[in-house]
Amino acid sequence: AQSVTQLDSHVSVSEGTPVLLRCNYSSSYSPSLFWYVQHPNKGLQLLLKYTSAATLVKGINGFEAEFKKSETSFHLTKPSAHMSDAAEYFCVVSEPPQGFGNEKLTFGTGTRLTIIP
Amino acid sequence: DAMVIQNPRYQVTQFGKPVTLSCSQTLNHNVMYWYQQKSSQAPKLLFHYYDKDFNNEADTPDNFQSRRPNTSFCFLDIRSPGLGDAAMYLCATSRAIVLNTEAFFGQGTRLTVV
């Protein structure tokens, strides 16, 4: 069975400083991993995905994530936070890897990112 | 252009009164999902369709039903909404068989039960 642990429920950073949102996973398969962002009262938008190609994944809005199999981690980073980054972020694992038709997305509990002006 | 469209965005229903939420997609994806997201919680999968095959999660209450009349549309029916069913309901689609494809989410329908 798969699971996702987001280590921080709330992260606050100052505008212009780096962002680190932490995620650890467990999976019986080689997983597909995703980060989604959710702004208040909005749906989920894909930031980036890991699909067993490059371990460093670049996403939209300057976000990156690095897949580390030895640490079972998939942490999300951004070099410089912007006010518009304030949102809820979800780390998601797909098992079996997305695309087999019976896959299920398992969500972490989310990290709320607050940007301090 | 919106690819996964949920209607309505906000729905208010009375306790016990049946309500239907709708989802349509222009992506021609064969997998459609319904998630329930309560306040400050992660989305929770209720069920999904792989083409016409319906897959119910073991802990989804019987009060929740779904219909998929064709590839483009999927409906969530709540037969007798309770106060505990107030939540954001998210529809998502993905293209099975294609490896490593992501799920596309709609904007969600926020359900209030009064």
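The values are calculated or read from the model by the stated rules, or taken from the named source; none is laboratory data. Just so it is clear, the model here is predicted, and its values are computed rather than measured. As a convention, Cβ positions derive from the backbone with ideal geometry for all residues, glycine included, and neighbour counts pool all protein chains shown. Heavy atoms of the whole protein, side chains included, go into the accessibility calculation; ligands, DNA and RNA do not. Shrake-Rupley method; radii C 1.70, N 1.55, O 1.52, S 1.80 Å.
For the reader, a short list of remarks on this structure follows.
- Spatially, the stretch B:1-62 and the stretch A:1-53 are offset by 22 Å when compared through their Cα centroids.
- Candidate lysines for bridging to A:Lys49, where Cα separation is under 23 Å - those fewer than 8 sequence places away on the same chain excluded: A:Lys58, A:Lys68, A:Lys69, A:Lys78, A:Lys104, B:Lys44
- Accessible surface comparison of A:Thr109, A:Thr114, A:Thr5, probe 1.4 Å, protein chains only, largest first: the order is A:Thr109, A:Thr5, A:Thr114.
- Inter-chain Cβ neighbour count for B:103-109, averaged per residue, equals 5 (cutoff 10 Å, partner chain atoms only).
- Restricting the trypsin sites (Lys or Arg not before Pro) of the stretch B:27-84 to loop positions (DSSP other than H, G, I, E, B) with no more than 15 neighbouring Cβ atoms within 10 Å leaves B:Lys38, B:Lys52, B:Arg79.
- Ratio Rg/Rh, restricted to chain A and using Cα atoms, in which Rh is the Kirkwood radius: 0.96
- The modelled label-to-label distance between B:Arg79 and B:Asn55, using points 7 Å beyond Cα along the C-beta direction, is 2.4 nm.
- At the residue level, B:Asp59 shows approximately 100 square angstrom of accessible surface with a 1.4 angstrom probe and all protein chains present.
- Per residue, in Å², the accessible surface of chain A once ligands and nucleic acids are set aside, probe 1.4 Å: 45 Å²
- Solvent-accessible area of B:Thr60, all protein chains in place: 10 Å² (probe radius 1.4 Å, heavy atoms, ligands and nucleic acids excluded).
- Neighbour count of at most 16 Cβ within 10 Å plus DSSP loop: longest trypsin sites (Lys or Arg not before Pro)-free window in chain A: A:70-117
- Semi-axis lengths (Å, descending) of the ellipsoid that matches the C-alpha gyration tensor of chain B: 23, 14, 13
- For B:Thr112, the amide hydrogen comes within under 5 Å of the amide hydrogens of B:Gln11, B:Val12, B:Thr13, counting only partners 5 or more places away or on other chains and with H modelled in the peptide plane.
- Using a 1.4 Å probe over protein heavy atoms, the accessible area lost on pairing B with A, summed over both chains, comes to approximately 2100 Å².
- Per the Debye calculation on the protein assembly as shown with a single equal scatterer at every Cα and no solvent contribution, log₁₀ I(q)/I(0) for q = 0.10 Å⁻¹ amounts to -0.45.
- Averaged over peptide A:39-47, the number of partner chain Cβ atoms lying within 10 Å of each residue's Cβ comes to 5.
- Surface share of carbon and sulfur [accessible, 1.4 angstrom probe, percent] for chain A: 53 percent
- Site pair A:Ala54 and B:Asn28 shows an inter-label distance of 3.0 nm when each label is modelled 7 Å from Cα along Cα→Cβ.
- Per-residue shielding of B:71-80, expressed as the average number of other chain Cβ atoms within 10 Å of the residue Cβ, stands at 0.
- Cut-off of 10 Å, at most 15 other beta carbons, DSSP loop: longest stretch of chain A lacking such GluC sites (Glu not before Pro): A:16-70
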